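The values are calculated or read from the model by the stated rules, or taken from the named source; none is laboratory data. Treat the numbers as computed from the prediction; the structure is a model and nothing was measured. So basically every Cβ, Gly included, is an ideal-geometry build from the backbone, and we count neighbours across all protein chains shown.
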C-alpha cells in the first residue's frame, strides 16, 4: 500500500511539472477515491474500502461522487441492484460536469415490481441538452449477484458496456454539427433515490415503503482515466496514449465481434430508442439517427 501511494504521488508531481492532465492507473478504494455527498448516514463502506452500500429510506436516499475530475476514461463499476419489489427506486451511475451547459453520460437502473425486469436507462447529455434515451431489459437478474457496468469515453466515441458486452455506442459526429462531450471534465457519480413520480410505468407504480430500507451495493471500481490535476481552468489537453494502459483512447469504433454483440443486445433487449420515437420528434428525428456510419441505423431497425 505504501509503495502504491508513493507511485501516485510521483505521478501527480509529474503532472504538475508538465500539464494539467495525467493518466491515472486503476484504483479501488471508496475511502480514498470518493466523497459521500448526501445521505451520509445511509452509506456504509466495508471491507477496508472495497465495497460500498447505498441505502434508501422514506426520508432520504444516498449518493457519492469521485474526488477527482476526469477528461476521458474507461470506467468500470460492479453493482448489485435493489432486490425484490424495487418499484419507484433508481440506482444511478454516471459521469457529469458542472454548470448550466453541463455534459453527462448516464446509466440509470429503474426498479420494478417483484418478478418484473429492471430497466437499464441510458442517456448522453451535451452542453445541457439530452433527449437521447435508450432503454434495455437485462438478460440476467441484476439483483442476485454483482455485474460490471462500464463507460468508455474518448474523443471519438462513447460506449456503454454490461459485463463487457456493448449495449450502446454514441459517436463523435461534430463534423455534421452534433455536439459531443469532449471539453468538460466530469466526476463519477452514483446514488440510490426515490423516483416513483416517473421511474416505474411512468409513475403509475409507487414505492412500497414497507420494504424499506432499500439497498444497492457496488464494488471493484476500476478507472483508467485522464485526471485533471490540480483543479484549475477547464482546458482540453491530450491524454497520454503511448501505453497499453491507455489503449481505450485509441478506439474510434467497435471491432466486428463487439458490433455483433451490440446488434444482438439492441435486437433482443432494447425496449426504447429515441431514434424511433416519431411522436416525440414530430419535426424529424435527431440528425445522428440518420447517419449510416453510426450504430443508430442498426437500432432504428429494431
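Check whether at least one residue in the range 66-74 is surrounded by 21 or more Cβ atoms within 10 Å (Cβ to Cβ), at pLDDT 95 or above, touching a strand residue (DSSP E or B) at 6+ places or on another chain (Cβ under 9 Å) and not in a strand (DSSP E or B), and report yes or no. Among the residues of the range 66-74, not one is surrounded by 21 or more Cβ atoms within 10 Å (Cβ to Cβ), at pLDDT 95 or above, touching a strand residue (DSSP E or B) at 6+ places or on another chain (Cβ under 9 Å) and not in a strand (DSSP E or B), which makes the answer no. Number of residues in the range 27-53 that are more than 13 Å from residue 189 (Cβ to Cβ) and part of a helix (DSSP H, G or I) equals 9.
Please verify whether residue 142 is assigned to a loop (DSSP other than H, G, I, E, B) and surrounded by fewer than 21 Cβ atoms within 10 Å (Cβ to Cβ), treating the condition exactly as stated. Please lay out each step first, then the result.
Numbers: assigned to a loop (DSSP other than H, G, I, E, B): yes; surrounded by fewer than 21 Cβ atoms within 10 Å (Cβ to Cβ): no.
It is false that residue 142 is assigned to a loop (DSSP other than H, G, I, E, B) and surrounded by fewer than 21 Cβ atoms within 10 Å (Cβ to Cβ).
Only residues that are under 13 Å from residue 251 (Cα atoms) and in a loop (DSSP other than H, G, I, E, B) were counted in the range 145-157, giving 3. Residues of the range 290-298 include none that is under 20 Å from residue 120 (Cβ atoms) and at pLDDT 85 or above.
Of 120, 109, 160, all but one fail to be in a strand (DSSP E or B), under 20 Å from residue 249 (Cβ atoms) and either under 13 Å from the mean Cα position of the chain (by Cα) or modelled with pLDDT of 95 or more (or both); the exception is 160.
Does the range 182-201 include one or more residues that are modelled with pLDDT of 95 or more, in a loop (DSSP other than H, G, I, E, B) and either over 21 Å from residue 252 (Cβ atoms) or touching a strand residue (DSSP E or B) at 6+ places or on another chain (Cβ under 9 Å) (or both)? No, the conditions are met nowhere in the range 182-201.
Scanning the range 87-103 for residues that are in a strand (DSSP E or B) and more than 22 Å from residue 137 (Cα to Cα) yields a single hit, 96.
Okay, residues lined up against (1) in contact (Cβ under 8 Å) with a residue 60 or more places away in the chain; (2) surrounded by 17 or more Cβ atoms within 10 Å (Cβ to Cβ):
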site: 151; (1), (2): yes, yes
site: 160; (1), (2): no, yes
site: 174; (1), (2): no, no
site: 196; (1), (2): yes, yes
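For the range 209-247, a tally of residues being at pLDDT 65 or above, surrounded by fewer than 12 Cβ atoms within 10 Å (Cβ to Cβ) and more than 30 Å from residue 59 (Cβ to Cβ) returns 1.
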